[in-house]
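As structure tokens, the structure follows; a few thoughts come after it.
The values are calculated or read from the model by the stated rules, or taken from the named source; none is laboratory data. Everything numeric in this text was worked out from a predicted model, so none of it was measured. Here Cβ is always computed from backbone atoms with ideal geometry, including for glycine, and neighbour counts include all displayed protein chains.
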Amino acid sequence: MNLRMYRFVFWVALLLHVLGSARPARAQAAFQTLLTNGPSSNRLNMTLLSEGYTASQLPKFLFDATNAVNALLAAPPYSEYSNYFNAFAIQVASLQSGSSHPNSGIQVDTYFGSSFDPFSDKLITIPPFTYDTNYAHGQGRVDSLLQTYMPGTGLPILLVNDLIAGGSDGFYQTAIASTAAGAYDNLRHETGHVLANLGDEYTLEYPGFPNTEEPNTTQETRPGFIKWKAWIDTNATPVPTPATAPYWGVVGLFQGAHYHTTNWYRPQQDCAMRSPSVAFCSVCSEALVKAIYAKVRPVDSATPVATNFTVTTAQAVPFNLTLLHPATHSLSVQWSLDGVRQTGASNSFFSVSPIALSNGTHTVSVSVKDLTSLVRNDPSNLLSQTLSWSFKLSGSRLAIDSTMSVAGGKFAFHISGSATNAVIVQSSSNLSSWTPLRTNSFPVGGFWYTNTVGAGGAALFYRAATTP
Ligand SMILES: [Zn+2]
């Protein structure tokens, strides 16, 4: 390379550098809420970003983003858990519309620098990639905007404004899909990668693709060792399973997955991870439900907020849960008191009566579970949540015992227990108006009361109570 050529290359390199570093300042981002189902601290937050939309096309982006969210949440298994999601949009304009198509010689200047792959008209990626290895020009911008506007994003989605259907998992970081017809099926497929690390169930050869198993792909053929064995009825389904009509819709072990036609297996004949327009198979659905529960806990909030407290009155102590709501089934709830399951205590509300307990420390716990048929294998108990409270009961506790007849037709009773204040003995004929008979400081071991009316007196109710 002669010097003149070197200088030319230097100036081109410098120009590219200046253009690249100037990019972040040229677009102003705007944040908008599309869907709120609860606190973002306990929801799977989808954040959709605009790619290849010019400033005048941003209203179209909001329209596309809303449609994408609706399409995703209408499809199983997301539809059952649509209340577990929030959705947000980050609008940022690109200088030009669409995405680059290198195999057609089309280069478009967009905010995230997306490009279709030269070897596949279905694959869209953003830098760092072959043409631009600078993270800051693509994924770095996604990460920076998410950090600014919605750091709690559980599912980043890049909507690419292009007429050609395509997408990718953004290396398991960002679900990327164009907005062409049918593209929301592609988007759903990509969310399978990003949310649950699902693998492609394609058989198309992809030399060099890492041979790492995913939740829905395996090389294992021994029935007892297959990771989705809980879904296989080995009495009725041969393993490996022939891809023939009797086994359509059945979970088995079907050859062809993970970019191999042989020696790699998938759970069902078809699945969204194989054909984006069909539903997720049972094994992929299970992985997605578990992925949702890895980010969203079944209990939104609970009271008392304090989990360790003291009770000094006889008033009932209420416990309350605010629960998530799957679309067609309820979560299972079971309350326990001092480690004993309480029969019938299966609602979001539970109450403890101090009168029924001795002074000392007690525990209340509640187990909340999602018993959905979509999940059979949950070794980490992602679908369960247990909360517990510990409280110390220390209050006045009185009992009338040892009633007996005494001379003169009178009777006596003993007042036992403990009291922090003086104790008053009262009588009543109607259980509503009470007459004070005697007030006594409460000695250790209690005290005796003998009534003053002898034989022939009217029948009365008696009680002992602490004074305020
Ligand atoms: Zn699948």
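Tell me yes or no: at least one residue of the range 227-237 is of a type in the set (D, E, K, R), buried (at least 19 other Cβ atoms within 10 Å of the Cβ) and not assigned by TED's automatic domain parsing to the domain that holds Asn83. Explain how you work it out, then say what you get.
Taking the range 227-237 as the starting set, the residues that turn out to be of a type in the set (D, E, K, R) are 227, 229, 233.
From what's left, buried (at least 19 other Cβ atoms within 10 Å of the Cβ): none.
Within the range 227-237 (the criterion being of a type in the set (D, E, K, R), buried (at least 19 other Cβ atoms within 10 Å of the Cβ) and not assigned by TED's automatic domain parsing to the domain that holds Asn83), the answer is no, since none of the residues qualifies.
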When only residues in the range 279-325 that are more than 16 Å from the ligand (Cβ to nearest atom) and among the basic types (Lys, Arg) count, which is nearest to Asp185 (Cα to Cα)? Lys295
Here is a list: Arg274, Arg222. Which entry is touching an Asp or Glu at 6+ places or on another chain (Cβ under 6 Å), over 22 Å from Ser373 (Cα atoms) and of a type outside the set (Gly, Ala, Ser)? Arg274
When both residues are 6+ apart or on different chains and their Cβ atoms are under 6 Å apart, which pairs have a first residue that lies in the range 312-328 and is closer than 30 Å to Ala75 by Cβ, and a second that is assigned to a loop (DSSP other than H, G, I, E, B) and at pLDDT 95 or above? Leu321/Ser348; Leu323/Leu331; Leu323/Ser348; Leu324/Pro298
Check Asp117 against each of (1) in contact (Cβ under 8 Å) with a residue 60 or more places away in the chain; (2) within 30 Å of Phe254 (Cα to Cα); (3) among the acidic types (Asp, Glu) and name the one condition it does not meet. (1)
Tell me whether the range 364-375 contains one or more residues that are outside the structural domain of Arg341 (by TED's automatic domain parsing), surrounded by 13 or more Cβ atoms within 10 Å (Cβ to Cβ) and within 55 Å of the chain's Cα centre (by Cα). no
Give the residues of the range 120-134 that are free of Cβ contacts under 8 Å to residues at least 60 places away in the same chain and either more than 22 Å from Leu195 (Cβ to Cβ) or hydrophobic (A, V, I, L, M, F, W, C) (or both), sorted by residue number. Ser120, Asp121, Leu123, Ile124, Pro127, Pro128, Phe129, Thr130, Tyr131, Asp132, Thr133
So for the range 229-249 (the condition being within 10 Å of the ligand (Cβ to nearest atom) and touching a Ser or Thr at 6+ places or on another chain (Cβ under 7 Å)), does at least one residue qualify? no
When the range 260-286 is checked residue by residue, the ones that are surrounded by fewer than 24 Cβ atoms within 10 Å (Cβ to Cβ) and not polar (S, T, N, Q) are His260, Trp264, Asp270, Arg274, Pro276, Val278, Ala279
